[in-house]
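Please treat every number below as a calculation from the coordinates, not as lab data. Please read all numbers here as calculations on a predicted model, not as lab measurements. For neighbour counting, all protein chains shown are included, and Cβ atoms are generated from backbone atoms with ideal geometry for every residue, glycine included.
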Amino acid sequence: MSTNNTTAPGTPASAPHYPDQVTGMYILARALKNIGIDTMYGLVGIPVTEFAYIAQLEGIRFVGFRHEQQAGMAAATHGYLTKKPGVLLTVSSLGFMNGLTATVNATVNCYPMIQISGSSVREPIDLDQGTYEGLDQLNVAKPLVKAAYRVNKPEDIPTAVTRAYRAAVSGRPGGVYLDVTTPCLGAIMNRADAEKLFETPVDLCPSSIPSDESVDRALKLLASAKKPAILLGKGAAYAQIDEKIKRLIETTGIPFYPMSMAKGLLPDNHPLSALSCRSTIMEEADVVMLIGARLNWLLSRGHGKWNPDGQFIQLDICPEEIDCNRHIAAPVVGDLESSVDAILTKLPDYKLSMDPAWVTGLQAQSKQKNAKFMERLAPQTVPMTHWSALSAVKKVLEANPDVILVNEGANTLDDTRDAIDMSLPRHRIDCATWAIMGMGMGSTIGAAVATGKSVVAVEGDSAFGFSGMDFSTICRFNLPATVVIFNNGGIYNGIGENLSKDGDPAPTTLDVKARYDKLGDAFGATTYYVTTPSDLEKALTEAIASKKPCLIDVQLAADSGKESGHIGYLNPASLINVTV
Ligand code: ADP
Ligand code: TPW
Ligand code: MG
């Protein structure tokens, strides 16, 4: 910020002093506002501080973070929940790099976001002359994100913003990088000329209509199936066509299986939910319709357990996704709204041949498996295990279905996903496709800011450590968010042994006695330290009702949790047994 903000060109406060002139910073803020951006997440410093002040003055909410990666996770979650790009603002060099992690993760997850980063003067960067925070940011970002642009002239800023917006939301959504040089941010233009730059772009995310032929091919295959299944991914949740997907499932009567973040798109306890019959679906379904879900590692890339004679229908916006792992007999390439509309329109022309015993069999199996699962949650073990703690969390969250659940960890992730039934769409946000740690506080903030709803983050103690300092951002913005930390004292658990016996902690060991609640106290949150399921139930109920920042330190036993949770099989072959 200029030391004398009454004369800083471009700010409305300075307008009386420079009524005829504006800066690139002002044009950037106006261009964002003009295209519909109302929130920006970031962390300021040279050369973007004054820009953030101007953005606030122009009516864009600025949520300032303690670390750019978390601001980026917030922007990504904002994008996922609103179908508009979340915006991240970073400074040059390391700030840019810190934020880029989140922009790349957003790209991998198909979340729309735009990282806007200030960059240093170009000429000495290009000649590698050692300028302040000099880094060729555009070329670093380019191979990793969906699209990357640099803007050098203030009159090009609105075009750059429109291009970045379109690239983020259209086709397969993703992360976009927009590099804005320091000279461009500070360039001065006549206000009257600048005002002429702002046009309202038309149709920012155009429909992509699937061909009639592809829809007929898909329906013909679906109609021939005796044991069909519908697999919903987070692309289906993102599309916000909840009623149409419900209609497709309920009019066909085909059982569905939701991927982690598609839980709640239809209620997990819906009569056609095959949530607890994943293996049976993989092994026995003869036709599987993928809706906004990729056949990636999370689905064994379509191999392994999958019925080798099974056939796939895939609804996706991205043509390159088709056949990338397994032959897709009926691709339907288009945006999901257009594709599901087309399928619903033509559905009455086809007669399904599903075997009714397939559905009743899955329902009987679900009932049996769910009852068995509840046995795991029944013992009120103290010191708590993940399961006894989750028995309390389950009660409270299922009584508060409109609370958004953010979730990361290993056992804390897997067990929470399995234990907590979701009943509303887009109410579960987790570490997703890359299974990364370090989205917790950012996604919690993004979800609370984007929706105004209450958020509960269920975090492993290791997972929390990646983003813990941004709990203070929850407090500064007084968000209705509760962070629940499952402390078993380590990555996977707290009983790892250092095989060298040199006295250092094992690679997986953290601190089972750590009092994370005191971290919350430092920032004025309401905090709890709980050791029993009933105290946890009480604390979480109270925390959610308060609609204020809260932190609950949940003391688990150090031996609760197994190495890598459900995905230990992904570790390389081992000749020593370090698994505990
Ligand atoms: P999950 O992890 O839940 O299985 P993925 O992230 O792997 O989900 O897959 C989401 C898929 O949804 C991606 O292939 C993406 O191209 C697709 N997708 C996202 N948005 C849309 C949309 N609006 N229309 C069509 N496909 C979409
Ligand atoms: C960016 C590797 C996967 S899961 C995990 C780590 C470090 C933490 C598991 O411990 P936590 O949960 O959170 O305490 P619990 O209940 O099992 O004890 N760095 C990144 N991403 C990943 N995935 C890792 C490391 C990892
Ligand atoms: Mg842990």
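Here are the numbers for this structure:
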read-out: GLU337-SER224 FRET efficiency (beta carbon distance; Förster radius 25 Å; 0.05 resolution); value: 0.45
read-out: Exposure proxy ranking, count of Cβ atoms within 10 Å, fewest first, for ILE249, ILE429, ILE404; value: ILE249, ILE404, ILE429
read-out: Cβ-derived FRET efficiency at R0 60 Å, ALA364 paired with VAL121, nearest 0.05; value: 0.30
read-out: Relative contact order [Cα under 8 Å, 6+ residues apart], the chain, whole percent; value: 12 percent
read-out: Cα centre as origin, Lys/Arg/Asp/Glu Cβ charges: the stretch 378-564 dipole, Debye; value: 600 debye
read-out: Cβ-derived FRET efficiency at R0 22 Å, ASP212 paired with GLN240, nearest 0.05; value: 0.35
read-out: Distance between the stretch 523-539 and the stretch 425-477 - C-alpha centres, whole angstrom; value: 18 Å
read-out: Tilt relative to the chain, helix 94-109 - C-alpha long axis, 0 to 90 degrees, to 10; value: 40 degrees
read-out: Three-way shape label, the stretch 170-285, alpha-carbon gyration tensor, a/c 1.5; value: prolate
read-out: Rounded D (µm²/s) - the stretch 479-580, Kirkwood Rh over Cα pairs, Stokes-Einstein at 20 °C, 1.002 mPa s; value: 140 µm²/s
read-out: Label-to-label distance, nm, for residues given as ILE46 and CYS205 (7 Å Cα→Cβ offset); value: 3.9 nm
read-out: Fewest-first sequence of HIS270, HIS78 by Cβ atoms within 10 Å of each Cβ; value: HIS270, HIS78
read-out: Charged-residue dipole, Cβ positions (Lys, Arg, Asp, Glu), the stretch 165-306 about Cα centre, Debye nearest 20; value: 460 debye
read-out: Cβ charges +1 (Lys, Arg) and -1 (Asp, Glu), total dipole of the chain, debye; value: 880 debye
read-out: Too-long pairs where the Cα-Cα distance tops 23 Å, listed order kept, from LYS346/LYS367; LYS246/LYS305; LYS84/LYS142; LYS234/LYS395; LYS395/LYS513; value: LYS346/LYS367; LYS246/LYS305; LYS234/LYS395; LYS395/LYS513
read-out: Computed lengthening from ASN307 to SER574, 0.36 nm per intervening residue step minus Cα-Cα distance; value: 93.1 nm
read-out: Phi-based couplings in Hz for the stretch 288-297 (Karplus 6.51, -1.76, 1.60; Gly and Pro marked x); value: 10, 9, 8, 10, x, 9, 9, 7, 9, 4
